[in-house]
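Here the structure is laid out as structure tokens; the discussion comes afterwards.
Throughout, read-outs are computed from the coordinates displayed, never taken from laboratory work. Predicted, not measured: the structure shown is a model, and the values here were computed from it. Methodologically, a virtual Cβ is constructed for each residue, glycine included, from the backbone with ideal geometry; neighbour enumeration extends over all protein chains shown.
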Amino acid sequence: MLLIYCPYCEEERSELEFRHGGDAHIARPTNIADISDAEFEDYFFLRDNPKGLIFERWRHIHGCGRFFNAARDTVSDKFYMSYKAGEPKPYIPGVSPASEKPLSENVGETYEATEGTAK
Amino acid sequence: MSGANRIAGQGRLTPARTARFTFDGKTFDALEGDTVASALLANGVHLVGRSFKYHRPRGILSAGPEEPNALVDVSRDAARRQPNVRAPVQEVFDGMKVESQNRFPSLAFDIGGINNLMSPFFAAGFYYKTFMWPKAAWEKLYEPFIRKAAGLGVAPTEEDPDHYASRYAYCDVLVAGAGVAGLSAALAAAEAGARVILVDEQPEVGGALHYDLSVKIDGQNGYDWAQATAAKLKAMENVTVLTRTTAFGYYNHNFVGLVERVTDHLARPDRKLPRERLWQVRAKRVILATGSIERHMVFANNDRPGIMLASAARTYLNHFGVAVGRKVGVYTANDSAYEAAFDLKRAGVTVAAIVDNREKPGEGVLAEARKLGIEVLAGHSVVDTKGKLRVSSMSVARNGGGSARSIPIDALLMSAGWTPSVHLFSQSRGKVAYDAATGRFLPGTYAQDCLSVGSCNGTDGLQATIEEGLAAGELMARATGHEGGGKVELSGENAFEWTGGMAGSGEGAGVDTTVKAFVDFQNDVCAKDIRLAVREGMHSIEHIKRFTTNGMATDQGKLSNIHGLAIASEVLNREIPKIGLTTFRAPYTPVTFGALISHSRGDLFDPARKTPMHAWEEAHGAVFEDVGNWKRAWYYPRSGETMHDAVNRECRTVRSAAGVFDASTLGKIEVVGPDAAEFMNLMYTNGWDTLKPGRCRYGIMLREDGFIYDDGVVGRLSEDRFHVTTTTGGAPRVMHHMEDYLQTEFPHLKVWLTSTTEQWAVIAVQGPKAREILEPLVEGIDMSNEAFPHMSVREGKFCGVPTRLFRMSFTGEAGYEVNVPADYGEAVWEAIWARAEPLGACAYGTETMHVLRAEKGYIIVGQDTDGTVTPYDASLAWAVSKKKTDFVGIRGLKRPDLVKEGRKQLVGLLTKDPKVVLEEGAQIVADPNEPKPMTMLGHVTSSYWSENCGRSIAMALVAGGQARMGQTLYVPMPDRTIAVEVSDMVFVDKEGGRLNG
């Protein structure tokens, strides 16, 4: 049974108090009535089912009732973090793809940035 | 005397404290603290069971939970009976009844033993091949017969009268196993101030110290040190010590399941005590100190009663004071078995010989054996045994050939080395790694916050084990923020460091296909079976396991896995890690259903929801039906009435006079806020801007894919307040669905949602006399048709209490739904009933409600829809706003498949023979003579006898149904084909005039 941190209650609670809510960061198109069949398919039906890092929604349904997001590893079930609904998708160092590294993380000179990966 | 084989001065039990039990009807004496196994051995009983497949006589192999043979049926009384209990684990209590299993007519003479002679026909995988034909015979003949012949114990038939407890616990450090390593770890963690839970499956702590008398820790005898340490830990406030408690499952995020056996060892348990207690522990850190399990040797006829693990014989002697034989042989591949021989010899038992299949045994044990005058046959193997119901001799031969020599014995102790217990580690999703040097699988990559210590981690040597335990305890305490206490130091010494060990079949296992050298005792898998599996093409251990059933019995291969792997490795000529290890699954040992379900049975299995009027309904003879967790009045039979009679009467009465119905279970959600109407516009297909306060509208809620999710009448109480009703079963998910959109997609809307389902009692009063019944009870509401028309809501007082009075109808009659605070529900119902009854009205239940709504073609979401029905399919296009630019489902409704011609649509069906009532769920076809498989057009969703129509009526989902009006279709049934005509769905009052009556 998972142990889940609710970012609103600010504590870890047992999975029994939560309900899973599917993938996170899938925004409902504001012009949903006008989107194409392909766009609707992509929005509503298609999911990645990754092995490893996933961003997903949870609701603390038997607690504060709030929806929030969490970053979890689908293999180990380790939670990297959870965060409030509406907050941007976080960058998980060492886990998120490098392409998703936010600009602020790229500021500042590092050995890797200038010389490449140490051999 | 508690058994002829009890040796005075040996063991730790008190001779004066006896307990009496029966085994297969015969009475035996035991000592308090005995297990069933030790007590039987004390009385010279080795034969305790018959094997699974071949019905071979079997004895006691082990002294622990790994026992594959000695499974017995233990009972306290007729109802308190448990099959498949492992005799070395079950403690004896006075008055206990023990029965052997899987034998007929008796243990000593078992007819099923013929299977042993027939064994050439029962080769591995035989059931995959032999019983394939004819097909029908599998179910009727082969399978029941095989089950009976190969059965384990028999499940009890009476209800379990015991109760079970369950609790959650939290700690900094959970230590599984209270041997040297676990005690050291717990001590260090506890001294540092961590909250510690220490568990061990045995009645006392100590683990291997139960049998190893040579161990001294801090100058004290090892076992005594263990008890003193446990006492010290128990006295500490931050420590819980649980014995007779098995950590059976290691789940996500350090969640560990424990089962504590509370009363199974007591003769007269306090009735207040639970039989078992389930502990669900969330630990910040876990220390696994689960020890090792000794492996048996694989050789011909290694399963006769009297042949057992060397450490088990040592336990029976040193802890229970029982000699397992008078003249014992030892067959080993490692040093530890020598110590069993030494202990027995010193206790006065004759040791016939130690047969060691190594050329070079450990020097220390060899010297000691010489000193004690025990013959050691190094480089030899036991190649066979004799003895019908107990071993009587072993045949010993020099490795590599030579003639065999028979040595008479009455017990044979064996050891092939030790298998680290990595079960819990593996359950935690840790990856084991093969250590080729010692031939063991050890904890490799960790997946959770845990550490393995002691022999389960491959740590040999007493001092090393102590130090590893202490270090882990301290480390885990520090990791959970506990810095207290000084450094704990302990020193230990023991007689010999053990070397050696082997896996796989030895010289005596035979290479032919007839020798029975058992690898898995519980499932009767021999070395030859593993070889056969490989010959038949199974090269992965997962395949070999399933083909032979090796390791698939209830002992989960605690003894057999490594041997099975090693034999496959020999035959395939590939290294063990290349063949792979099967994954260990929870539970480590069997757990009773009672412990798992605890209080959740009978009335407490699932909560029952009752409306405020439930008691009245019960008193008036209502028959109830379950709708979700709700108990709903189904119909109210009068004396002598069948259900059919009662429903017909209720249906007639509602349309001719009136009926009173408990609608309290309807889901109710209060939608409040300045943006409430905008929110409603997004959640429902209908437009809500035009709905004036005081009016109601039937709303349809879709999912984003365009299919109907829920429906219900919504009343607008004011500009910013809606009283939403949902289906009875749908209330929680509709609330969840609304919250989801409000919190995550439309968080800018100022709306608050409150579930009010249980705040309002709802009494529907329907029929021509409804207004007459209610009018005198209403205050402050003009009840006239003009002032209060159909589909309106008013607030006022009813019987003096606040009400939300709805003018609405789910029957097609003029009707009202009286909402009053739930606490007043019963009183208001009685007041209404007092007026209704004299006017000729009746109380009606859900069955009548269903018929009446079907007569009007009103759908029930979940009955007439199934998650693939759109509002257009259900003839509810009028409820979908054409003006709105957005609502949940607006895009889904435009999907190509949802606008396609020929979709299944809801229509009415009238049987050609009006007396015939269709079966709900029945399939519909156009051509009853079409060869199978026939083209199915749809199915019947609702079907009733309509007393008001004087005929049957039905609703159905039919492909292209709207275009089939008046067509004849067919409903094929097993015994006949029923002709039906497609119609619209309104069967009563097509103009709808009665609503305004």
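Annotation for segment B:549-567 versus segment B:202-265: alpha-carbon center distance of 27 Å.
What is the magnitude of the charge dipole of the protein assembly as shown about its Cα centre, with +1 placed on the Cβ of each Lys and Arg, -1 on the Cβ of each Asp and Glu, and no other charges, expressed in debye to the nearest 20? The calculated dipole for the protein assembly as shown is roughly 2640 debye. Less than 5 angstrom separates the built amide H of B:Ser943 from those of B:Met955, all sequence-distant by 5 or more or on a different chain. Looking at chain B alone, DSSP beta bridges between its own residues are antiparallel in about 75 percent of cases.
Tally Lys/Arg at +1 and Asp/Glu at -1 over every other residue whose Cβ is under 14 Å from the Cβ of B:Val801; what's the total? Local net charge: -3. Relative contact order of segment B:299-416: 34 percent, from C-alpha pairs under 8 Å at least 6 residues apart in sequence. Each Cα pair under 8 Å and six or more residues apart adds its sequence gap; the mean of these over the residue count of chain A is a relative contact order of 22 percent. When the Debye formula is applied to the Cα atoms of segment B:18-117, each taken as the same point scatterer, what base-10 log of I(q)/I(0) results at q = 0.19 Å⁻¹? Here log10 of I(q) over I(0) equals -0.86.
Restricting to the protein assembly as shown, compute how many DSSP beta bridges are antiparallel as a %, nearest 5. Just about 75 percent of them are antiparallel. In the distance distribution for segment B:174-225, Cα-Cα pairs more than 13 Å apart total 57 percent. Taking a temperature of 10 °C and a viscosity of 1.306 mPa s, what whole-number D in µm²/s does Stokes-Einstein yield for chain B with Rh from Kirkwood over alpha carbon pairs? The estimated diffusion coefficient comes to 47 µm²/s. When chain A is described by a simple charge dipole with +1 on each Lys and Arg Cβ and -1 on each Asp and Glu Cβ, the residue from A:Ser36, A:Ser82, A:Phe55 located farthest towards its positive end is A:Ser82. Here segment A:3-115 is treated as an ellipsoid with the same Cα gyration tensor; its semi-axes, largest first and in whole Å, are 26, 23, 14. Annotation for segment B:785-886: trypsin sites (Lys or Arg not before Pro) lying in DSSP loop with at most 13 further Cβ atoms inside 10 Å of their Cβ are B:Lys882, B:Lys883.
Could you tally the net charge around B:Gly673, taking each other residue with its Cβ under 12 Å from the Cβ of B:Gly673, Lys/Arg +1 and Asp/Glu -1? Once all neighbours under 12 Å are counted, the net charge is -3.
Taking Cβ atoms as reference points and 15 Å as the exclusive limit, the residues near B:Met783 contribute a net charge of 0, counting Lys and Arg as +1 and Asp and Glu as -1. Kirkwood analysis of the Cα pair distances in the protein assembly as shown returns a hydrodynamic radius of 35.1 Å. With everything on Cα atoms, drop me the angle between helix B:825-836 and the longest principal axis of chain B, reported from 0 to 90° to the nearest 10. Approximately 40 degrees, to the nearest 10. When both segment B:309-331 and segment B:739-791 are represented by their alpha-carbon centers, they are found 80 Å apart. If you model segment B:887-997 as an ellipsoid using its alpha carbon gyration tensor, with each semi-axis the square root of five times an eigenvalue, the axes come out at 24, 23, 11 Å, biggest first. The convex hull drawn around the Cα atoms of segment B:717-816, when projected onto a plane and averaged over every direction, covers 7.7 nm². With neighbour counts taken as other beta-carbon atoms within 10 Å, the residues B:Arg994, B:Arg6, B:Arg695 rank, fewest first, as B:Arg695, B:Arg994, B:Arg6. Dipole check for chain A: with +1 at the C-beta of Lys and Arg, -1 at the C-beta of Asp and Glu, and the Cα centre as origin, the magnitude is about 340 Debye. Here's how it looks for B:Arg195: its modeled amide H is under 5 Å from those of B:Asp172, B:Val173, which are all 5 or more places away or on a different chain. Amide H contacts of B:Val215: B:Gly222, each under 5 Å away and 5 or more positions distant or on a separate chain (H built 1.01 Å from N in the peptide plane; Pro and chain starts excluded). Taking every C-alpha pair closer than 8 Å and separated by at least 6 residues, the mean separation divided by the residue count of chain B gives a relative contact order of 9 percent. 3J(HN,Hα) along segment B:664-675: 4, 6, 3, x, 9, 10, 8, 10, 10, x, x, 9 Hz, from the Karplus curve 6.51 cos²θ - 1.76 cosθ + 1.60 with θ = phi - 60°, whole Hz, x for Gly and Pro.
Listed by chain and number, the lysines whose alpha-carbon sits under 26 Å from that of B:Lys516, ignoring those within fewer than 8 places in the same chain, are B:Lys53, B:Lys129, B:Lys148, B:Lys327, B:Lys386, B:Lys388, B:Lys528, B:Lys545, B:Lys558. Helices in the protein assembly as shown, meaning DSSP H runs of at least 4 residues, each add -39500 (n - 2.57). Divided by all residues, the mean residue ellipticity at 222 nm is -5500 deg cm²/dmol. Listed here are the pairs B:Lys216/B:Lys431; A:Lys84/B:Lys750; B:Lys769/B:Lys856; A:Lys84/B:Lys884; B:Lys431/B:Lys487; which of them are more than 25 Å apart at the Cα? Long pairs (Cα-Cα over 25 Å): B:Lys216/B:Lys431; A:Lys84/B:Lys884; B:Lys431/B:Lys487.
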